[in-house]
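Novice: Dropping the structure in here first, questions after.
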Amino acid sequence: MLPKTVMTDDFVTHLPKGGYLVIPSHILDTLSKYRQRNSSQPESGGTFIGCFRQGSDDGPISIEIVSYTEPSKMDSASRYGFVRKSKHHIQKVLNAWKRSGRGLTYLGEWHTHPESKPNPSIVDIANWKKNLKGKTAILMIFGMESDWIAIWDGSEITELPPLIPDQPI
């Protein structure tokens, strides 16, 4: 879980092949409100929208999340499951892609788990293998006390180091 006393705009972590993942603090703050802190809260989820950035021609690629989708009443949610069914998730990604001149795109997904220290379930992993084959995606699970974050490289998951506040250069 991210500290609440830190005053920063972005949180970052290192990617396995170099580069960084950057997520603005306001996105993490908003998505954190879906943590399943009591037994009546269902799982929630959505998508990440952003861009891939390359610092130099041969430098490592960084990933920047700039927007997200939130759950809707059209999605299927229970205490131990969440399925995106609302078309607003894909519509928001497509709108961002069009408005940005194809610069912004789908970057991955997030959801919650009703456990203190979350890990992906067998269902999560099976869905990622089926739906994200050949794609790069950021995967994030918000737990009750901490978060799990990883990158999918098209065929396998690599857990990422915890997000930390970005330090000005």
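Laboratory data are not the source of any read-out in this text; all were calculated from the coordinates shown. This is a predicted model, so every value here is computed, not measured. So basically every Cβ, Gly included, is an ideal-geometry build from the backbone, and we count neighbours across all protein chains shown.
Novice: For each pair in 85/117; 73/117; 17/135; 17/98, compute the distance between the two Cα atoms and list the pairs where it is over 24 Å.
Specialist: 85/117; 73/117; 17/98
Novice: Can you give me the P(r) profile for the chain? Cα pairs, bins 10 angstrom wide beginning at 0, each as a whole percent.
Specialist: For the chain, the pair-distance distribution reads 10, 39, 39, 11, 1.
Novice: Still on this structure, I have one more. Helix-derived [θ] at 222 nm for the chain: sum -39500 (n - 2.57) over DSSP H runs of at least 4, divide by residue count, nearest 500?
Specialist: Result for the chain: -5000 deg cm²/dmol, rounded to the nearest 500.
Novice: Using Cα positions and a limit of under 12 Å, work out the aspartates and glutamates in reach of residue 133, with same-chain residues fewer than 8 apart set aside.
Specialist: Those aspartates and glutamates meeting the cut-off are 153, 156.
Novice: Project the alpha carbons of the stretch 86-151 onto their principal axes and report the range along each, largest first, in whole Å.
Specialist: Ordered largest first, the stretch 86-151 gives principal extents of 40, 24, 22 Å.
Novice: With θ taken as phi - 60° and the coefficients 6.51, -1.76 and 1.60, list the Karplus ³J(HN,Hα) couplings across the stretch 9-26 in order, rounded to whole Hz; mark glycine and proline as x.
Specialist: With coefficients 6.51, -1.76 and 1.60, one gets 8, 10, 10, 9, 8, 7, 8, x, 9, x, x, 9, 9, 10, 10, x, 4, 5 Hz.
Novice: Listing 20, 106 from the residue with the fewest other Cβ atoms within 10 Å to the one with the most, what is the order?
Specialist: Starting with the residue having the fewest Cβ neighbours, the order is 20, 106.
Novice: Residues with amide H under 5 Å of residue 66's amide H, sequence separation 5 or more or different chain, H placed in the peptide plane at 1.01 Å from N; which?
Specialist: 49, 50, 51
Novice: What's the local net charge at residue 13, with K and R +1, D and E -1, over the other residues with C-beta under 14 Å away?
Specialist: Around residue 13, the surrounding residues sum to -4.
Novice: Next question. Normalized C-alpha radius of gyration of the stretch 120-168, against 2.2 N^0.38 Å?
Specialist: Expressed relative to 2.2 N^0.38 Å, the Cα Rg reads 1.27.
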